[in-house]
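A short worksheet on the structure shown next.
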Amino acid sequence: SGLFSGGPICAAAQVFFRRAGIEVASNVQLPGVGKPAAARATAHVLLDLGDDEYTVGRPHPMIDPTLRNQMLAETLSGGKTAVILMDVVIGYGAHADPAGDLISQLPPLPARKALLITSVCGTEADPQCYSRQVQLLQDAGVVVAPSNAHAAELAIDVLRSVA
């Protein structure tokens, strides 16, 4: 599963999954990618939660991650997901502490049945401070990749190892 607040990051993950020959579905499909409702049960769903279908009448998930947190909790409780791929976007206009908010929603590490992989999009100069966000995530047992491309490749490696 992929729960993204950044549309370009979701699109990039689709590219990596498709190149790896992994079936994927998304609400913002690239060529060759199906819609989640029409996808086979074996397809890996990558959602752009910043798309209009999720933001009408509510703030963008970079500002208010409530919807992503709910979807993350549902995915973790389902027990059928091996890896959850996400992004954490920082900067002016973004949530004051997106990593802190995300990890506050997680069950304790021993109770998690899925590996969480993320990348942090931002810099040390951002109000949330890149290294602080990375450290919070790592301390909570979340794998933080140096880029969204690396995060997608790690998720693909995990999927291949459990197939």
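Details
- Summary: within the chain, the longest segment free of trypsin sites (Lys or Arg not before Pro) located in DSSP loops with at most 16 other C-beta atoms within 10 Å is 114-163.
- Relative to the Cα centre, the charge distribution of the range 74-130, modelled as +1 at Lys and Arg Cβ and -1 at Asp and Glu Cβ, gives a dipole magnitude of about 400 debye.
- Mean sequence separation of contacting Cα pairs (under 8 Å, at least six apart), scaled by the length of the chain, corresponds to a relative contact order of 23 percent.
- The smallest convex shape that holds all Cα atoms of the range 76-163, its convex hull, gives 86 Å³ per residue.
- Folded to 0 to 90 degrees: helix 148-162 orientation relative to the chain principal axis, Cα: 50
- Taking LEU67, LEU109 and ordering them by how much accessible surface each has at a 1.4 Å probe, largest first, produces LEU109, LEU67.
- Ratio Rg/Rh, restricted to the range 3-85 and using Cα atoms, in which Rh is the Kirkwood radius: 0.95
- Summed over all non-identical Cα pairs, the Kirkwood treatment of the range 3-141 gives a radius of 15.6 Å.
- Net charge dipole size for the range 1-155 [Lys, Arg +1 and Asp, Glu -1 on Cβ; Debye, nearest 20]: 560
- Simple point charges give the picture: +1 on the Cβ of Lys and Arg, -1 on the Cβ of Asp and Glu, and for the range 92-163 a dipole about the Cα centre of about 300 debye.
- Ranked order, SER131, SER77 - accessible area, probe 1.4 Å, largest first: SER77, SER131
- The orientation-averaged projected area of the convex hull spanned by the Cα atoms of the range 62-104 comes to 3.0 nm².
- Accessible area of the chain divided out per residue, in Å², using a probe of 1.4 angstrom: 49
- The range 15-54: equivalent-ellipsoid semi-axes (sqrt of 5 x gyration tensor eigenvalues, Cα, Å): 17, 12, 8
- Ligands, DNA and RNA left out, the 1.4 Å accessible surface of the chain is 56% carbon and sulfur atoms.
The values are calculated or read from the model by the stated rules, or taken from the named source; none is laboratory data. Note that the structure is predicted; figures quoted are calculated from it, not measured. Neighbour counts are summed over all protein chains in view; Cβ atoms, including those assigned to glycine, are modelled from backbone coordinates with ideal geometry. Ligands, DNA and RNA are excluded from the accessible area calculation, which covers all protein heavy atoms including side chains. Shrake-Rupley method; radii C 1.70, N 1.55, O 1.52, S 1.80 Å.
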